[in-house]
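Here the structure is laid out as C-alpha cells; the discussion comes afterwards.
Just so it is clear, none of the values below were taken in a lab; they were calculated from the coordinates. Just so it is clear, the model here is predicted, and its values are computed rather than measured. Glycine also receives a Cβ, built like all others from the backbone with ideal geometry; neighbour counts cover every protein chain displayed.
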Ligand code: HEM
C-alpha cells in the first residue's frame, strides 16, 4: 500500500487494514461457540443424537463425514448438499452424491435443535458439528468446530458434477482443486486420511481393475495381489457392491489408511497420487514412521480449514427451518 500524499490518513488506512486482515482470514465471521448465547445446548444436543445414531448404525460415520466435505466443495459450506429438488436437479441428485447417505440423521439433529432453539442453528453448522462428532465417536481427537455459518438457497446437480474431485484425479488436479478453495497441500494429504473410515462402491474404482489402458490390463500402481482380491468382489459393471476402504478397521479412525498407500492397496487413483508429491509423500512416511504422531491433531486443524470454505455469515443466506428446503 503506497502512501502518496496525505501520510496520516494513509497510516490510518494501513492500521485498519492490519486489523481487518485477520478477521477475513479467520473464516469470515465464524467462531468457536457461536451459539453460546443463542442456543447454549446446541453442541450437546448434536452430540447426544450422534451418540444414539452411532450406537445403532456405526456405518454412518463415513457417509456423514463425507457429507460435510461434499457440502464444502460445492458453493462452500452452506448446506446446499441437503436441499431437495422436485425435478431431481439438486446436488444430492448428482452422480458423485448418489452414494451419500445419512440425510435422515441430519434431519433428526435438526428436529432436536428446532425443538430447543427454533430458527437458530443452521444446517451447514449441523454438518460441520456432526462431522466432528462422528470422527470423535470413531476414535479421532476432538477439536473445536467454528460455527456461525448460514444456509444458502441454491443447489445444482451440474455444479456438484464439476466441483467434486473425481477418484481418478492426479496429484496436479488434487492440489489445484484444494488450492482453489484455500486449502494447502498439507490439508490435502491430511483430509485424504478421512478414507480411514467407510466404504466405496466398486464402480468408483473398477476402471483400475479392468481395461485400465484399453488393453484388458489393470492399474500397475495397484498391488497385483490386491487386484486379484478386488476382482473377486467387483465384476466390471458392478454398481452395488461395497468394498472397505481401510479393510479391517473401516469404523475406526486410525492411520492404517496411510500404511496402505505405499503398499499400493488403496482404492482410488487420488489416494495413490499422494505419493507423487514430495510434501504429501513425506507426510505419509512420517505418519507411518511415528505411528501417526501428528495425524489426529492435524485432522482437526484441516477440518476447521475445510469448514471455512465459502461460508455465508452475518446477514447472508438464512437459517433453514427444515434442512431439505429453503424457508
Ligand atoms: C481428495 C479427494 C477425494 C476424492 C477423489 C474422494 C473420493 C471418494 C470416493 C470415490 C469415495 C467412494 C464413494 C462410493 O463409491 O461410495 C469416497 C468415500 C469416502 N470419502 Fe472421499 N474423496 C476425497 C476426499 C475426501 C475427504 C477430504 C474426506 C473427508 C475429510 C473424504 C471422506 C470420505 C469418506 C468418509 C468416505 C466413505 C463414505 C462411505 O462410507 O459411504 N474424502 N471418497
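Please pick out the residue among 225, 153 that is without any contact (Cβ under 8 Å) to a residue 12 or more places away in the chain and either away from the ligand (no atom under 13 Å from the Cβ) or buried (at least 22 other Cβ atoms within 10 Å of the Cβ) (or both).
None of the others qualify; the one that does is 225.
Taking the options 80, 99, 94, name whichever one is more than 16 Å from the ligand (Cβ to nearest atom) and either closer than 19 Å to residue 310 by Cβ or touching a strand residue (DSSP E or B) at 6+ places or on another chain (Cβ under 9 Å) (or both).
80
Considering only residues of segment 44-76 that are in contact with a strand residue (DSSP E or B) (Cβ under 8 Å, 6 or more places away or on another chain) and assigned to a helix (DSSP H, G or I), which is farthest from residue 319 (Cα to Cα)?
Result: 59.
Hey, can you tell me all the residues within segment 46-64 that are surrounded by 18 or more Cβ atoms within 10 Å (Cβ to Cβ) and more than 17 Å from residue 144 (Cβ to Cβ)?
49, 53, 54, 60, 61, 62, 63, 64
For segment 292-314, what are the residues that are over 16 Å from residue 147 (Cβ atoms) and in contact with a strand residue (DSSP E or B) (Cβ under 9 Å, 6 or more places away or on another chain)?
Hits for segment 292-314: nothing passes.
Can residue 160 be described as closer than 27 Å to residue 302 by Cβ, touching a residue at least 24 places away in the same chain (Cβ under 8 Å), within 15 Å of the ligand (Cβ to nearest atom) and in a loop (DSSP other than H, G, I, E, B)?
Criteria not met by residue 160.
Only residues that are away from the ligand (no atom under 11 Å from the Cβ), crowded, with 19+ Cβ neighbours inside 10 Å and in a helix (DSSP H, G or I): list them for segment 165-222, please.
208 - this is the single residue of segment 165-222 that is away from the ligand (no atom under 11 Å from the Cβ), crowded, with 19+ Cβ neighbours inside 10 Å and in a helix (DSSP H, G or I).
Between a first residue in segment 175-194 that is over 14 Å from residue 303 (Cα atoms) and a second residue that is within 11 Å of the ligand (Cβ to nearest atom), which pairs have beta carbons less than 6 Å apart while being 6 or more apart in sequence or on different chains?
177/165
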